[in-house]
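Enquirer: Pasting in a structure now, in structure tokens, and then I'll have a few things to ask.
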Amino acid sequence: MADLTPAWQEHERVARSVPQVMRGTLGAYFTPREVALRVATEVLQRFPHGTVPVILDPACGAGALLLGALEYSMKERPSWVAPLLGGKLHGWEIERGIAEGARHVLQAAGKCLGARVASLVSCRDGLLSDERESYDVILGNPPWKSFSGRQAQEIDPMLRALYAKKFGAFAGWPATHTAFAEQSARLMKRQGGRMGLLLPHQVADLEGYAPLRRALAQLVSVERIIDLGENAFAGVTEPCGLFVFAAGKGDVSGQPWEARADVGLTIKASMRHQPLPPESFGDIGVHTGNAAELLLTDKAEPGALPVREGKDVRPFALDMPRLFMRRPDFQGTGHYARMAQPQRYAAARILLRQTANRPIAARHHPFALFRNSVLACFGAPDHDDDYLIGVLNSEYVARLYRNSFRDARQRAFPQIKIEALRALPVPSRRAARSVYDEIIKISQALQAKKGADPALLNALEAAVTRAYFGE
């Protein structure tokens with residue numbers, strides 16, 4: 001099988017060549033390989049092998065999502081590759097230099113695949129296009145630029161008025177991503193069309209996005225919302241969502257999508273399953289008090305122990321600690337801190353990020369101390385650790401958690417609380433039946449791949465859902 005790594009390396013080269021000032025002006029955040037492949041997988045897997053869809057990214061940047069579509073096709077729909085590169089794969093990009101870079105990326109992909117590449121990327125403003133219903137598939141990571149609130153960016157008054165007139169979504173939360181989302185729905189075919197967009201996860205529920213939800217519902221219905229979490233791609237710290245839509249009118253009320261779709265989920269799960277024992281979770285992280293500058297160093301000094309922070313915890317994987325903690329010696333200094341004995345940290349088998357809108361869990365290996373931005377799971381007597389890691393990282397539990405606990409839905413600094421984890425229902429081995437061992441195997445495979453496998457993530461979601469509902 002061909003390897004598209006040289007094409008992805010060309011994408012990275014193009015992305016690095018874009019000056020930071022230009023990135024800010026454009027609202028450009030370049031999509032990493034694993035995210036692009038996840039978008040392509042979620043959207044394209046519903047099309048049969050014999051039907052090659054016409055695909056558009058209306059804000060393609062350096063071409064990551066187009067490259068993701070090619071990589072998916074290479075692995076799952078080989079007969080699509082030549083037709084896509086021959087004229088069924090399209091990208092629009094407003095900045096001429098970046099558009100030229102995207103062309104180079106697709107040319108590099110063509111060399112990897114041994115296929116002829118047509119001219120697929122054009123320099124144009126996707127928001128000003130008048131095309132309608134032309135594409136089977138829309139893939140997009142629209143510019144993330146907001147024109148209101150504390151971080152509002154400047155916009156020409158005439159352009160603001162034009163967007164407000166053209167896009168109903170712009171009336172609620174004036175931003176490029178709201179206008180692009182509505183424009184993308186207009187560009188998609190009404191029969192059999194599908195769309196995958198990377199947007200702030202709060203689009204699903206925040207009141208300010210109600211006009212966007214109403215505008216999109218005139219043309220598409222929500223099929224799936226996948227929480228990709230914080231820092232899904234460089235430059236964006238807020239939680240990102242992958243929104244998958246299908247052609248057809250949706251819920252035009254503007255009510256929150258995720259909570260509305262899962263209205264019975266919390267009740268059903270709580271009635272069928274019990275939480276883990278309270279002692280399974282603990283908030284034992286080091287609180288540095290007023291002594292952080294005395295305790296923490298970024299160098300491995302003699303006697304200092306490695307210490308993790310919340311941002312080191314990712315789904316199914318831990319980053320290596322970037323900080324070290326010196327032995328505390330505050331006598332007579334007026335400084336204070338709080339920490340448990342080192343063996344208590346070693347007893348934690350799973351770590352969870354504390355600042356998040358869903359459980360994010362990874363096996364605690366290799367051992368390190370951890371700060372109070374990390375929560376501890378000490379396991380449960382009747383459960384395998386890999387099973388718990390799989391369940392806690394599932395999308396099902398993410399939705400269950402957000403629907404159940406208000407702190408996870410805060411717009412700023414959503415929180416995972418020990419009290420909520422102790423109330424979270426988890427299917428027992430008996431309730432999950434044969435799917436219990438299936439979840440363990442999928443979880444182990446995802447840990448080996450650090451969570452970066454769309455097919456395995458889909459398999460995990462299906463398995464966890466069956467565990468909760470006994471189907």
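The values are calculated or read from the model by the stated rules, or taken from the named source; none is laboratory data. As the structure is a computational prediction, the values presented were derived from the model and not from experiment. Here the Cβ is made from the backbone with ideal geometry for all residues, glycine too, and neighbour counts use every protein chain on show.
Enquirer: With the checklist (1) buried (at least 19 other Cβ atoms within 10 Å of the Cβ); (2) in contact with a helix residue (DSSP H, G or I) (Cβ under 9 Å, 6 or more places away or on another chain) in hand, flag the one item residue 345 doesn't pass.
Expert: Only one criterion is unmet by residue 345, namely (2).
Enquirer: Taking residue 161 as the residue in question, decide whether it is without any contact (Cβ under 8 Å) to a residue 24 or more places away in the chain, out of contact with any Phe, Trp or Tyr (no Cβ under 6 Å at 6 or more places or on another chain) and not in a strand (DSSP E or B). Show your work before the answer.
Expert: Details: without any contact (Cβ under 8 Å) to a residue 24 or more places away in the chain: yes; out of contact with any Phe, Trp or Tyr (no Cβ under 6 Å at 6 or more places or on another chain): yes; not in a strand (DSSP E or B): yes.
Against the criterion (without any contact (Cβ under 8 Å) to a residue 24 or more places away in the chain, out of contact with any Phe, Trp or Tyr (no Cβ under 6 Å at 6 or more places or on another chain) and not in a strand (DSSP E or B)), residue 161 qualifies.
Enquirer: Further, regarding this structure: Collect the residues in region 40-55 that are in contact with a helix residue (DSSP H, G or I) (Cβ under 6 Å, 6 or more places away or on another chain) and over 13 Å from residue 76 (Cα atoms), keeping them in residue-number order. Let's see the steps before the verdict.
Expert: Filtering region 40-55 for residues in contact with a helix residue (DSSP H, G or I) (Cβ under 6 Å, 6 or more places away or on another chain) gives 40-41, 44, 52, 54-55.
The answer is 54, 55.
Enquirer: Among the residues of region 25-57, write down those that are part of a loop (DSSP other than H, G, I, E, B), surrounded by 22 or more Cβ atoms within 10 Å (Cβ to Cβ) and modelled with pLDDT of 95 or more.
Expert: 53
Enquirer: Say whether the condition of being more than 22 Å from residue 224 (Cβ to Cβ) and among the acidic types (Asp, Glu) is met by at least one residue in region 74-95.
Expert: Yes, some residue in region 74-95 is more than 22 Å from residue 224 (Cβ to Cβ) and among the acidic types (Asp, Glu).
Enquirer: Here is a further query. One residue is enough: does region 424-440 have a residue meeting the conditions at pLDDT below 95, over 16 Å from residue 315 (Cβ atoms), touching an Asp or Glu at 6+ places or on another chain (Cβ under 7 Å) and in a loop (DSSP other than H, G, I, E, B)?
Expert: Yes, region 424-440 contains at least one residue that is at pLDDT below 95, over 16 Å from residue 315 (Cβ atoms), touching an Asp or Glu at 6+ places or on another chain (Cβ under 7 Å) and in a loop (DSSP other than H, G, I, E, B).
Enquirer: So residue 239 clears everything in (1) at pLDDT 90 or above; (2) surrounded by 18 or more Cβ atoms within 10 Å (Cβ to Cβ) except one condition, right? Which one?
Expert: Among (1) at pLDDT 90 or above; (2) surrounded by 18 or more Cβ atoms within 10 Å (Cβ to Cβ), residue 239 violates only (1).
Enquirer: Given (1) more than 21 Å from residue 315 (Cα to Cα); (2) at pLDDT below 90; (3) assigned to a helix (DSSP H, G or I), where does residue 212 come up short, assuming only one miss?
Expert: Of everything listed in (1) more than 21 Å from residue 315 (Cα to Cα); (2) at pLDDT below 90; (3) assigned to a helix (DSSP H, G or I), residue 212 misses just condition (2).
Enquirer: Take region 93-132 and flag every residue that is assigned to a strand (DSSP E or B) and crowded, with 22+ Cβ neighbours inside 10 Å. First the steps, then the outcome.
Expert: Let us first name the residues in region 93-132 that are assigned to a strand (DSSP E or B), namely 93, 121-123.
Scanning region 93-132 gives 93, 121.
Enquirer: Which one of 408, 398, 412 is closer than 17 Å to residue 462 by Cβ and modelled with pLDDT under 90?
Expert: After ruling out the rest, the residue left standing is 398.
Enquirer: A further question on this structure: Out of 203, 222, report the one residue that is in contact with a strand residue (DSSP E or B) (Cβ under 7 Å, 6 or more places away or on another chain), within 25 Å of residue 239 (Cβ to Cβ), assigned by TED's automatic domain parsing to the domain that holds residue 84 and outside any helix (DSSP H, G or I). Quick ask: steps written out before the conclusion?
Expert: On the way: 203 fails: outside any helix (DSSP H, G or I).
Matching residue, one of 203, 222: 222.
Enquirer: Considering region 323-342 alone, what residues qualify as being touching a strand residue (DSSP E or B) at 6+ places or on another chain (Cβ under 6 Å) and surrounded by 16 or more Cβ atoms within 10 Å (Cβ to Cβ)?
Expert: The first filter runs over region 323-342 and keeps only residues touching a strand residue (DSSP E or B) at 6+ places or on another chain (Cβ under 6 Å), leaving 323-325, 338-339.
Those that are touching a strand residue (DSSP E or B) at 6+ places or on another chain (Cβ under 6 Å) and surrounded by 16 or more Cβ atoms within 10 Å (Cβ to Cβ): 323, 324, 325, 339.
Enquirer: Something else now. Is it the case that residue 232 is modelled with pLDDT under 85, at negative phi, assigned to a loop (DSSP other than H, G, I, E, B) and surrounded by 14 or more Cβ atoms within 10 Å (Cβ to Cβ)?
Expert: Working: modelled with pLDDT under 85: yes; at negative phi: yes; assigned to a loop (DSSP other than H, G, I, E, B): yes; surrounded by 14 or more Cβ atoms within 10 Å (Cβ to Cβ): yes.
Yes.
Enquirer: While we're here: Taking only pairs six or more apart or across chains, which ones have beta-carbon atoms under 8 Å, a first residue in region 443-471 that is free of Cβ contacts under 8 Å to residues at least 12 places away in the same chain and part of a helix (DSSP H, G or I), and a second residue that is crowded, with 16+ Cβ neighbours inside 10 Å and among the β-branched types (Val, Ile, Thr)?
Expert: none
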